[in-house]
Amino acid sequence: MTQRIVVLTGAGISAESGVKTFRDEDGLWESHHIEEVATPEGYAANPTLVEAFYNARWQQLIQGDIAANPAHIALALLEQHQDCELMLVTQNIDNLHERGGSKRVLHMHGELAKGRCPQSQQTFILNEILGPDNVCTCCIPAQKLRPHVVWFGEMPFGMDSIHQALAQCDLFIAIGTSGSVYPAAGFVDLANQVGALTLNINLAPRDDHSEFQYHWQGKASELVPQLVTDILAGHSVAHNQS
Ligand code: BV8
């Protein structure tokens, strides 16, 4: 019988690849104020600062020795399995799921690899960092591209598809996310409401107020390959581990 699985990933799945998380020590929010770099108001007030914030992260992916880790690769394997219907939703704007082999990735908070026309909302692949020359080809006069990223106060992408998948899922798994940002942090409630099994995989210990039925504490690069092996072998994942 086909298992319908929704996976939500956050910055923690990319941490072992060398990509900074947001709220861990030395995280991105340690050195930047959210309001300044992750809001439309911050971009309007200082586009150069915001562009530099995203360009630094994009540059690390283009030029750094950043590779997908075993967690990304394991999810790509799960995607290929004919007995699983997987929706992979990521809050991450890096392209490590794609580098790990995933073909269908829903980037609900956008992607570093694209710029967006502020007028038409058309997106454009970025092969280099965003600069003054990156303008759209859809408007006259051409508009300067903005980062194709969802800032606070902006609607995340793919919400209808995500809600539809959550309404029908048997298994909801969150990997490497602190559950600090909505609406992503509310997906577990939707999954619980439809009777799905809910599992949180995170380096941090279980949160006392967690809505997840089960919690695996540890590194994504170790626990996610184990998760996929268990699912593909038909073994239950309905247990806690730390
Ligand atoms: C919106 C930009 C509405 C991209 C980001 C209730 C409902 C709806 C909205 C709200 C609500 N309450 C408040 C809101 C508003 C707001 C919000 O949630 N505010 C918070 C602060 C309370 N939400 C919004 O504004 C959203 N928009 O709701 O629009 C709307 C309606 C109508 C019309 C228009 C609009 C937009 C949210 C998107 C914001 N953009 N970033 C970028 O710069 O990357 S958020 C940012 O934080 C990231 O995108 C990421 O998604 C998010 C969460 O971070 P995590 O991925 O969880 O990372 P974090 O560092 O926090 O945690 C990492 C975890 O990994 C840790 O737990 C750590 O222990 C673990 N870990 C570390 N290493 C490992 C590991 N785990 C495993 N293995 C390891 N090795």
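Details
- So G186, is it closer than 24 Å to T198 by Cα, surrounded by fewer than 21 Cβ atoms within 10 Å (Cβ to Cβ) and within 16 Å of the ligand (Cβ to nearest atom): yes
- Condition met for T48 (surrounded by 15 or more Cβ atoms within 10 Å (Cβ to Cβ) and of a type in the set (V, I, T)): no
- Of residues in region 208-230 being open to solvent by 70 Å² or more (accessible area, probe 1.4 Å) and within 9 Å of the ligand (Cβ to nearest atom), the one nearest to G100 (Cα to Cα): E222
- Members of region 198-219 found to be within 11 Å of A174 (Cβ to Cβ) and outside any strand (DSSP E or B), listed by number: S210, E211, F212
- Selected residue [open to solvent by 50 Å² or more (accessible area, probe 1.4 Å) and of a type outside the set (D, E)] from Q143, Q63, Q91: Q63
- One residue stands out in region 151-181 among those that are β-branched (V, I, T) and closer than 29 Å to D83 by Cα: the one that is surrounded by the fewest Cβ atoms within 10 Å (Cβ to Cβ), namely I162.
- Members of region 149-179 that are over 13 Å from the mean Cα position of the chain (by Cα) and assigned to a loop (DSSP other than H, G, I, E, B): W151, F152, G153, E154, M155, C169, D170
- Subset tally (residues that are surrounded by 12 or more Cβ atoms within 10 Å (Cβ to Cβ) and within 16 Å of the ligand (Cβ to nearest atom)) for region 113-140: 9
- Residues in region 231-241 that are among the aliphatic types (A, V, I, L, M) and either open to solvent by 20 Å² or more (accessible area, probe 1.4 Å) or farther than 19 Å from P205 by Cβ (or both): I231, L232, A233, A238.
- In region 7-33, the residues that are within 7 Å of the ligand (Cβ to nearest atom), modelled with pLDDT of 85 or more and either in a helix (DSSP H, G or I) or surrounded by fewer than 17 Cβ atoms within 10 Å (Cβ to Cβ) (or both): A11, G12, I13, A15, E16
- Residue in region 68-79 that is closer than 18 Å to N200 by Cα, crowded, with 19+ Cβ neighbours inside 10 Å and polar (S, T, N, Q) present: no
- Residue in region 191-206 that is among the small types (G, A, S) and open to solvent by 60 Å² or more (accessible area, probe 1.4 Å) present: yes
- Unmet criterion (only one of (1) in contact with a Leu (Cβ under 6 Å, 6 or more places away or on another chain); (2) free of Cβ contacts under 8 Å to residues at least 24 places away in the same chain) for Q80: (1)
The values are calculated or read from the model by the stated rules, or taken from the named source; none is laboratory data. The structure presented is a predicted model; accordingly, all values stated were derived computationally and were not measured. In this analysis, Cβ positions are derived from the backbone assuming ideal geometry, glycine residues included, and neighbour counts consider all displayed protein chains. Surface areas here come from the heavy atoms of the whole protein model, side chains and all, with no ligands, DNA or RNA. Shrake-Rupley method; radii C 1.70, N 1.55, O 1.52, S 1.80 Å.
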